[in-house]
Amino acid sequence: AVERRRSNQEASQSQHSRVAGSTTTHNNRGTLLEAAFVDPAYPWPPADGQGKNAIELQASLDLLNADMDNVSVGTTESLRQRMQAPTKTPAIVAAEQEFHAKKPWWKSCCCRKDNDAVAQQLPPILQDYQDEKRAAAQARQEYQHLKASSRKERERAQRKQERYQRIPEGVLIYQLNTTNRTLTLRSPPHSKTNLDELVEHVEIAGAQPSGHASRRGLVLTDPQGRTVTLTACEQRTAISWLEAIQLMLAKSDQKNKKKNGGAARLTNNKAGSILRKSSNSHWAKANKSERELDTIEEQYLNLANYSNKLIRAGALPGTKKGMGGAGGIYYSVEKATAGTTDDDEEDEALEAIAKRRAVIKDSWDFYRMICSLLRDRHKYDEVFRRMQLDSVYPYLNSMTGLADNGNDGYENPDKEIIQPDLQEYASMTRTQVAQDLVHKATAVMPSLVEICKALAGSLGMEEVGVGPVKEVTAALRKAEKKYNGDILKVTDFCRALLVVKDFPSLLAMLELARDSFGPLIRRVKMSSLKSDHKAKAGGYRDCIINVELKQHICEIQVHLWPMWTICGVDGFRHYRHCLEYSTDSFTNAYDALDGLDRKTMAELIVMAEEAVAETPLDNLEWYHEKYILDYFAEAGLFMKHDLMVWAEVTYRQLIRLRTESPDIGPDHHETIRLYKYLIQTLQAQGRNGEANELQERINLYERARSKEAYDAEQSMWDYMMNAPTDAYDLIMDPNRKEREKEEAMRKEVKASKRAWRQIRQERFPFLDADLDKGKVAATIASEEKKSQDHEMVM
């Protein structure tokens, strides 16, 4: 459709040239872009109230034919003769009179429908006269239409010229022509513009991003090696223009190679060096033909232009119409062969762009989700690392759960605790069994709620919640996925959650549950909290207690507050997504981009800019968590796309924000991870000195973590010193820790248990009394009695 449209456009332009007397033609294929850039003499962004009503540049039908005032309508002698009506000679008048005199009156009526038959009866002299008369009328009509078209073209050119006169202060409009690799100033300078430094025209031989913190700068190089720096009003302008320029240079390189038989031969050494350097870009290395690069350029810029229009129209979530103020003067994109196109073909092209954007948007959403999931996994890992420094953890780590097979059920479908296999289930289908289990779960839910309330009241827990009874379809799906279809192994039809403060609170809760309703406990699953066991998918760790109430297994999920605060109630969604997409196989979120071609990567950057359109990088604050994640994901795209300068700028800004955050700070694991990515960008740019300085900072962080673990180990000695015999044994045999690992672990656990006893006495003295245990037991007995009374009534 694109090729057909271009053929129609060229034919239309050729016809227009013949009629209007113009000889302008365009055989080269390329793109014209217009965009708003910052005048260096003015501050940007403008102060509030200035430049807020900036106009939006509209695409011209043919930006290359900028001087439309030169278009004139030729009135040659032959054209005047064609428009002139024929002269009615005496011979024609006599022939008309003779013809009408011979016709009966009923055939001379002008309303008859057989005019063609009458025309065939005209004498030749009258027939020729009528034909000439009609031809002259048609020629005059075509001439008037051509004059109107020419007038519209001149008016359009005049409006375009006036458009540049209405540009707000501080904004300069530049035009990029990828056909001849030129950049031209289109708008007039302002009152404060420094004319000596104003860039008016540049032939581009190279381009790279500037290191300005706004991430809106472009450094352009001409064939003589001179450089100029332009700063765009919008981030997305700089990104799309740089991509267009790199494609343009790659196409120019391919054209030179084709022209010179496979190798570009340049006479100017300096220009040759610059062009050879530009030809080493990744687009040049992609080994694409000139036609393929032209197609990629058109598709990429169409997507970028379409995305910008959605942002400007407020058609995206979180955006509003006209967002961006003066910076909203973005760019217009037109093919150099632009002309009249068929409406149906335009609709087809727009539909294709919209479909492509939908595909790329889905890819961006998935990639961003992977970044979010791995970020939270790192948070879980760091929290668990710090929790293991608790003095009671070795004791907890040594405990053995009840009916705990050591996995979360996905590696091994075997499960020691199942729902009671009642006799009536033998004659029932799986769906019917699931329905019966749902009915039983609904009946025992009040009893489970009362148990959780009693535990929470005794321990002062952080949070208590009750989940809805699992639906039949969800239970069947889980049984099929985890337990080879065995519905009786689904033990969370009836479920509740408790959130404890820390490991000592967890130990206290386990002791209280054991002493209060021990006979009802069927399983205590603690394997994910063990140091030698891996976490659940996504890094989450918790404790599961299964109790049997009225012949139905229920589940109590015990969460630890430091882990709970990371995702809250969305923790299960995080777990499910990590399980579904196998994110634990990723060591780096950016690994999800492996295998993508360069065009798709560039289009993903367009979607990233669409996501952050509301908040430019230099306006970002430390509490903008959503946009911080967006920029982190975009920085990964920059790294994969070899835009290391912009990746560096983004990481530096994110490090600054994380350092300013009161909840994170400079030594937080997230900040350190950003430093590691920053080091990679510096090394890729050959700035090894700066990279080594940052690496030393990371080394200090690692040493601080080692010291933290050492201090925690030293605290174990304090408890061990309370047992002189154990301390004496360690002093007499200092190498026993290395030679007898099990004995050392036993000593550690013993010291940890002693620490737990001390904490237990200070924080949980009620565990030694029977009062709170009696309350929990009484609550359970009361619920059981209510249930029995209800069954007797039924």
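What follows draws every value from the coordinates through simple rules; no lab data is involved. Keep in mind that this is a model prediction, so the values were computed, not measured. All Cβ positions, glycine included, derive from the backbone under ideal geometry; neighbour counts span all protein chains shown.
Using only the Cα atoms of region 166-249, build the gyration tensor, take square roots of its eigenvalues as a ≥ b ≥ c, and label the shape rounded, prolate or oblate: rounded if a/c is under 1.5, else prolate if a/b is larger than b/c, else oblate. Note, shape of region 166-249 comes out prolate.
Protection proxy ranking, highest mean first, for peptides 369-377, 566-574, 601-609, 226-234: 601-609, 369-377, 226-234, 566-574, where packing is the per-residue count of other beta-carbon atoms within 10 Å, averaged.
Working note: Karplus 6.51/-1.76/1.60 with θ = phi - 60° gives region 363-371 the couplings 5, 5, 4, 5, 4, 5, 5, 4, 4 Hz, where Gly and Pro are set to x. Report the FRET efficiency, 1/(1 + (r/R0)^6), for Leu422 and Thr442, where r is their Cβ-Cβ distance and R0 is 25 Å, rounded to 0.05. Efficiency computed from Cβ-Cβ geometry: 0.90. Phi angles of region 543-551 translate, via the Karplus equation with coefficients 6.51, -1.76, 1.60 and θ = phi - 60°, into HN-Hα couplings of 10, 10, 10, 9, 10, 9, 10, 6, 6 Hz per residue; Gly and Pro are given as x.
Here the calculated FRET efficiency for Thr184 and Lys501, from their Cβ-Cβ distance with R0 = 60 Å, stands at 0.35, rounded to the nearest 0.05.
Label separation (Arg705 vs Asp597): 4.0 nm, computed from points 7 Å beyond Cα along the C-beta direction.
Each peptide among 643-655, 129-141, 290-302 gets the average number of other Cβ atoms lying within 10 Å of its residues, and from highest to lowest they stand as 643-655, 290-302, 129-141.
Shape annotation for region 588-654: C-alpha extents along the principal axes are 34, 21, 20 Å, from largest to smallest.
Sorting check: for 503-515, 235-247, which peptide has the highest mean count of neighbouring beta carbons within 10 Å, and how do the rest follow?
Per-residue mean Cβ counts within 10 Å order the peptides as 235-247, 503-515.
For the pair Arg652 and Asn287, the difference between a 0.36 nm per residue extended length and the Cα-Cα distance amounts to 128.0 nm. What shape does region 436-569 take by its C-alpha gyration tensor, where a ≥ b ≥ c are the square roots of the eigenvalues and a/c under 1.5 counts as rounded, a/b above b/c as prolate, and the rest as oblate? Oblate shape, in that a/c is at least 1.5 and b/c is the bigger or equal ratio. With a ≥ b ≥ c taken as the square roots of the eigenvalues of the C-alpha gyration tensor of region 592-719, please select rounded if a/c is under 1.5 and otherwise prolate if a/b is larger than b/c or oblate if it is not? Verdict is prolate for region 592-719. Ranking Cys554, Ser528, Ala611 by how far each Cα lies toward the positive end of the dipole of region 498-614 (charges on Cβ) leaves Cys554 at the top. Can you flag which of Lys707/Lys750; Lys453/Lys753; Lys470/Lys501; Lys530/Lys640 are past 30 Å Cα-Cα? In this structure, Lys530/Lys640 exceed 30 Å between Cα atoms.
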